[in-house]
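In what follows, a single structure is set out as structure tokens and then discussed.
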Amino acid sequence: MSDTAVYGGAIDLERSKEEEDDDDYDDDEEEDTSPEVTAQSSPRPPLSANFEKDRHLLYLEMMYELLPYHYQSQEINRLTLAHFIISGLHFIGARHRVDKDLVANWVLSFQALPSNRVSLKKGEFYGFFGSRSSQFPVDENGDLTHNNSHLASTYCALAILKVIGYDLSTIDSESLLLSMKNLQQDDGSFMPIHTGGETDLRFVYCAAAISDMLGNWSGMDTEMAKNYILNCQSYDGGFGLIPGSESHGGATYCAIASLRLMGFIGDDLLSNDSGSSVIDSSLLLDWCLQRQASDGGFQGRTNKRSDTCYAFWIGAVLKLLGADAFIDKIALRQFLLTCQSKYGGFSKFPGALPDLYHSYYGYTAFSLLEEPGLSPLCPELGLPLLEASGI
């Protein structure tokens, strides 16, 4: 199973790190995270001055019923795509359009379960598989063979269940969290799967979000995770995916959201004594504010194009810092509307076709902007704010 690239709720959960290096890190190429972004030559539709809620509902309902065949290449990330659709429906006030029992049973069918307590000591991770193609049958002893459940898929599974109102206390969280400890490395980072893989801030965030949603932090050493995060803050104030790497909007979100979830930074950080903060919040604020470009959108890195998804990744960081008032919200809204498709959904860049990843983070961005009729956002989890469940 290939690693899914995660900026949190991953979160770019739709593509591998290798794919990310090939496209998002190249200003001259368009991202290819989904089939719908490929028609770059399509004429740009007339711009709307409004958030087209009804069109977004039709778009998500279509995706809920049947994904276009182009999404076959994303089959291994089926739970992730489902998260974007179902959580997206909640954002626009249409959670009732989802068959909750059917969805819950479907999601739970992807959970990897140990045959006995001894299995938990073998180093495998008993989370959730991303799709049927990564879910293998049990052997003659009742054990899973080639168990490749994944931290990103587990985040998405729990996010879906939480959004539809499923009682997460009924899940075998003990096995999940005990085995998740196997993924934490000596430097505090996390692997996404037990057989190896990249170790960076994306999976630290997944582990923190999983622990928070389950209300149980026994599956990770938070002090080690905190130290790893702090080692990822760059000289310019942003955070790279690994220590010493270039500051990136997605990595910065993973760092700040994880620290908030683990309780190492509190609300409205900038209003408190910055000298007592575990991070250089002033330098971080400066880096984040410089990411809003002249077109009103946010870029993920210095000298890159504005991109719909970074309205969430950077915007949510500013919200967590208590600094969202510094965002030019009128300009950001205007940029996002240029990425709104006449078919519903959002594209990465103006004039492109929509895809589920950018659509979801378009909804979260408009929620941050307090668009009327949208559910409020829980910025540290990247999910709709669910008052009944405490997020």
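Couple of notes before you dig in:
- Only a single item in (1) under 19 Å from the mean Cα position of the chain (by Cα); (2) farther than 24 Å from TYR310 by Cα is not met by ASN227, and it is number (1).
- LEU353 vs. criteria in contact with a Gly (Cβ under 9 Å, 6 or more places away or on another chain) and either buried (at least 24 other Cβ atoms within 10 Å of the Cβ) or part of a helix (DSSP H, G or I) (or both): no
- Cβ-Cβ distances below 6 Å connect the following pairs, each with a first residue in the stretch 362-374 that is over 14 Å from GLN340 (Cβ atoms) and modelled with pLDDT of 95 or more, a second residue that is of a type in the set (A, V, I, L, M, F, W, C) and surrounded by fewer than 24 Cβ atoms within 10 Å (Cβ to Cβ), and a separation of six or more residues or different chains: SER367/LEU374.
- Among residues of the stretch 44-60, those that are at pLDDT below 80 and more than 18 Å from ASP355 (Cβ to Cβ), counted: 3
- Qualifying residue in the stretch 239-246 (condition: out of contact with any helix residue (DSSP H, G or I) (no Cβ under 7 Å at 6 or more places or on another chain) and either over 23 Å from ALA209 (Cβ atoms) or modelled with pLDDT under 95 (or both)): yes
- Subset of the stretch 317-344 (residues that are more than 23 Å from TYR59 (Cβ to Cβ), of a type in the set (A, V, I, L, M, F, W, C) and in a helix (DSSP H, G or I)): VAL317, LEU318, LEU320, LEU321, ALA325, PHE326, ILE330, ALA331
- Of the residues examined, PHE84 is not one that is more than 13 Å from LEU158 (Cβ to Cβ) and assigned to a loop (DSSP other than H, G, I, E, B).
- Selection within the stretch 357-380 - in contact with a Leu (Cβ under 8 Å, 6 or more places away or on another chain) and either in a helix (DSSP H, G or I) or aliphatic (A, V, I, L, M) (or both): TYR357, SER359, GLY362, TYR363, THR364, ALA365, PHE366, SER367, LEU368, LEU369, LEU377
- Among the residues of the stretch 270-305, those identified as at pLDDT 95 or above, more than 13 Å from LEU318 (Cα to Cα) and either assigned to a helix (DSSP H, G or I) or not acidic (Asp, Glu) (or both) are ALA293, SER294, GLY296, GLY297, GLN299, GLY300, ARG301, LYS304, ARG305.
- SER347 being more than 17 Å from ILE92 (Cβ to Cβ), at pLDDT 95 or above and in contact with a helix residue (DSSP H, G or I) (Cβ under 7 Å, 6 or more places away or on another chain): yes
- Here the stretch 72-125 is the region considered, the condition is being farther than 25 Å from ASN182 by Cα and among the aromatic types (Phe, Trp, Tyr), and the residue that is farthest from the chain's Cα centre (by Cα) is TRP106.
- Per the listing ILE85, ILE92, the residue uniquely out of contact with any Lys or Arg (no Cβ under 8 Å at 6 or more places or on another chain) and of a type in the set (Val, Ile, Thr) is ILE85.
- Boolean, THR222 is hydroxyl-bearing (Ser, Thr, Tyr) and modelled with pLDDT under 95: no
The values are calculated or read from the model by the stated rules, or taken from the named source; none is laboratory data. Quantities reported herein were computed from a predicted structural model and do not represent experimental measurements. Ideal geometry is used to build each Cβ from the backbone, glycine not excepted, and the neighbour counts take in all protein chains shown.
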